Amino acid sequence: MRTIGVVTVARSDYGIYLPLLRRIQQDPDLKLHLIVSGMHLSPEFGLTVKTIEDDGFEINERVEMLLSSDTPEGIAKSMGLGTISFAQAYARFRPDILVVLGDRFEMHAAVVAAVPFKIPVAHIHGGELTQGAIDDALRHSMTKLSHLHLVSTDVYAKRVIQLGEEPWRVVTCGALSLDNLLTARLLGREEFADRLGITLPEKFLLVTYHPVTLEYEQTEKQVRELLAALDAVSLPVLFTMPNADTGGRVIIRRIEEFVSTHRSVQKVDNLGTQSYFSAMKLAAAMVGNSSSGIIEAASFSLPVVNVGNRQQGRMRGRNVIDVGYTHTEILAGVRRAMSAAFLGSLADLTNPYGDVDAAEKITDRLKNVKLGDKLLVKRFYEGESQGQHTD
């Protein structure tokens with residue numbers, strides 16, 4: 001039986017992983033070894049490890065690594081602590097393959113620590129760009145540290161190969177999070193409101209705004225402009241809270257102040273996959289800079305006002321309206337998103353991130369790739385002149 005280690009560090013990656021975790025759990029030839037770290041273990045970010053347990057998963061390792069600081073020094077120290085703590089976890093048990101996802105600094109620490117142990121690493125969502133965040137550099141670094149690349153589109157597959165990765169190591173799978181649409185029962189308006197203990201008007205904006213980590217000095221100004229635009233648009237707002245990134249606490253404080261002074265504005269610390277997808281289905285539009293607005297929202301034909309540079313470089317559907325940071329630009333974007341003409345243009349929208357079979361493709365690759373030196377010893381791919389390698 002092949003043991004598949006999966007690292008989850010935040011509610012965002014856990015929601016994406018969920019279809020894959022279920023499939024690994026159900027496969028008689030695979031054993032799931034779940035490693036939980038980062039924001040999951042922090043009461044400040046909702047202690048979402050409880051959600052994982054409630055979903056019926058055994059947690060094999062809890063890796064503490066987050067300092068209670070969102071300064072550059074605090075983030076860098078958390079990365080160092082994470083590398084030490086993941087190394088201790090791998091010393092206790094080495095999975096046959098380690099699965100990581102995305103681009104967060106906590107996930108990067110997990111991959112760095114795996115290198116001396118010669119653990120093969122399978123990376124999901126490589127090859128993408130987020131040019132406004134340090135995540136962009138971390139993602140490409142994780143690509144070079146990984147042995148299998150499970151990417152969401154052919155464009156991203158090509159980019160991974162441009163980084164010198166051998167083509168046989170790269171598989172286009174689609175966006176794993178979209179597989180949740182196969183199984184998630186979306187909540188109606190009343191059930192959604194009752195479950196979260198909030199009121200939910202007929203028309204509301206779903207707002208998710210994270211720090212732009214390459215512009216962290218501007219976070220205070222950026223969130224102030226966002227809130228000014230939301231104040232001017234005069235629509236009810238449902239906020240979800242930001243990640244543990246540089247400057248994140250500034251956003252949290254400003255949102256909490258805004259909620260306290262606006263009766264039609266509410267916040268939820270952790271929606272979970274079912275409720276978050278339900279919110280996408282029910283919302284009139286989405287505002288912010290979350291990857292969910294770029295990847296998942298198109299499947300709901302949901303208008304998205306994407307603010308600033310955080311997601312710059314990612315493929316997007318025509319439901320996405322890119323705007324700058326000023327309140328006038330954001331307000332104009334929201335008004336366009338709510339217009340009958342724009343909503344009508346989304347009638348036949350298809351999601352550029354594909355259909356809903358990524359978990360099957362990823363599981364098949366994890367199950368059937370040959371372990372050994374060929375997988376572990378990487379050669380820099382120079383292009384067609386070097387020749388493609390096959391399993």
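The values are calculated or read from the model by the stated rules, or taken from the named source; none is laboratory data. Predicted model, so just to flag it, every value in this text is computed and none were measured. So basically every Cβ, Gly included, is an ideal-geometry build from the backbone, and we count neighbours across all protein chains shown. Ligands, DNA and RNA are excluded from the accessible area calculation, which covers all protein heavy atoms including side chains. Shrake-Rupley method; radii C 1.70, N 1.55, O 1.52, S 1.80 Å.
Projecting the Cα atoms of 49, 167, 123 onto the charge dipole of the chain, computed from C-beta unit charges around the Cα centre, puts 167 farthest toward the positive end. The average projected area of the range 176-237, computed from the convex hull of its Cα atoms over all directions, is 6.5 nm².
All other residues whose Cβ lies under 15 angstrom from that of residue 2 are scored, Lys and Arg at +1 and Asp and Glu at -1, for a net of +2. Between amide H atoms placed 1.01 Å from N, distances below 5 Å from residue 237 occur with 205, 265, 266, all of them 5 or more places distant or on a separate chain. Taking a straight Cα-Cα cut-off under 13 Å and skipping sequence neighbours fewer than 8 places away in the same chain, the aspartates and glutamates within cross-link reach of residue 361 are 179.
Which of the following values of Cα extents along the principal axes in Å was calculated from the structure shown: (1) 59, 54, 44; (2) 60, 42, 40; (3) 53, 49, 43? Recomputing Cα extents along the principal axes in Å here picks out (2). Per residue, the average separation of C-alpha pairs within less than 8 Å and at least 6 apart gives the chain a relative contact order of 17 percent.
Cross-link pairs exceeding 21 Å between alpha carbons, from the set 50/367; 144/374; 144/370; 203/281; 118/370: 50/367.
Projecting the Cα positions of 383, 252, 152 onto the charge dipole of the chain (unit charges on Cβ atoms of Lys, Arg, Asp and Glu, taken about the Cα centre) puts 383 furthest along the positive direction. With a sphere of radius 13 Å drawn around the Cβ of residue 243, what net charge do the other residues whose Cβ falls strictly inside it have (Lys, Arg +1; Asp, Glu -1)? So the environment of residue 243 carries a net charge of -4. Distant-in-sequence amide contacts of residue 101, defined by a placed amide H-H separation under 5 Å and a gap of 5 or more residues or a different chain, comprise 124. Measuring with a 1.4 angstrom probe and ignoring ligands and nucleic acids, residue 261 comes out at about 100 Å² accessible. A simple rule links phi to the HN-Hα coupling: the Karplus curve 6.51 cos²θ - 1.76 cosθ + 1.60 with θ = phi - 60°, which for the range 166-182 gives 5, x, 5, 7, 10, 10, 7, 10, x, 8, 4, 4, 5, 4, 4, 5, 6 Hz, with x for Gly and Pro. Estimated at the nearest 10 Å², the accessible area of residue 304 is 10 Å² with a 1.4 Å probe. Estimated from helices alone, the mean residue ellipticity of the chain at 222 nm is -12000 deg cm²/dmol (sum of -39500 (n - 2.57) over DSSP H runs with n ≥ 4, per residue).
Enter the accessible area per residue of the chain (Å², integer; probe 1.4 Å; all protein chains in place).
Roughly 41 Å² per residue, with all protein chains present.
So for the chain: antiparallel DSSP bridges make up what percent, rounded to the nearest 5? Write down the numbers at each step before the final one.
Numbers: 0 of 42 bridges.
Expressed as a percentage, antiparallel bridges in the chain total about 0.
For the range 191-316, a crude dipole built from +1 on the beta carbon of Lys and Arg and -1 on the beta carbon of Asp and Glu, taken about the Cα centre, is about 140 debye to the nearest 20. Leaving out same-chain residues fewer than 8 places away, which aspartates and glutamates sit with a Cα under 20 Å from that of residue 158? Cross-link targets: 103, 128, 135, 136, 166, 355, 382, 384, 391. Mean sequence separation of contacting Cα pairs (under 8 Å, at least six apart), scaled by the length of the range 1-155, corresponds to a relative contact order of 20 percent.
When only Cα pairs below 8 angstrom with a gap of at least 6 residues are kept, the range 104-256 shows a relative contact order of 18 percent. Here the chain exposes an accessible surface that is 51 percent carbon and sulfur, computed with a 1.4 Å probe and the other protein chains kept in place.
Considering the chain as a Gaussian network with a 10 Å cut-off on Cα pairs, which listed residue, 332, 297, 133, attains the greatest mean-square fluctuation? Of the options given, 332 has the highest mean-square fluctuation.
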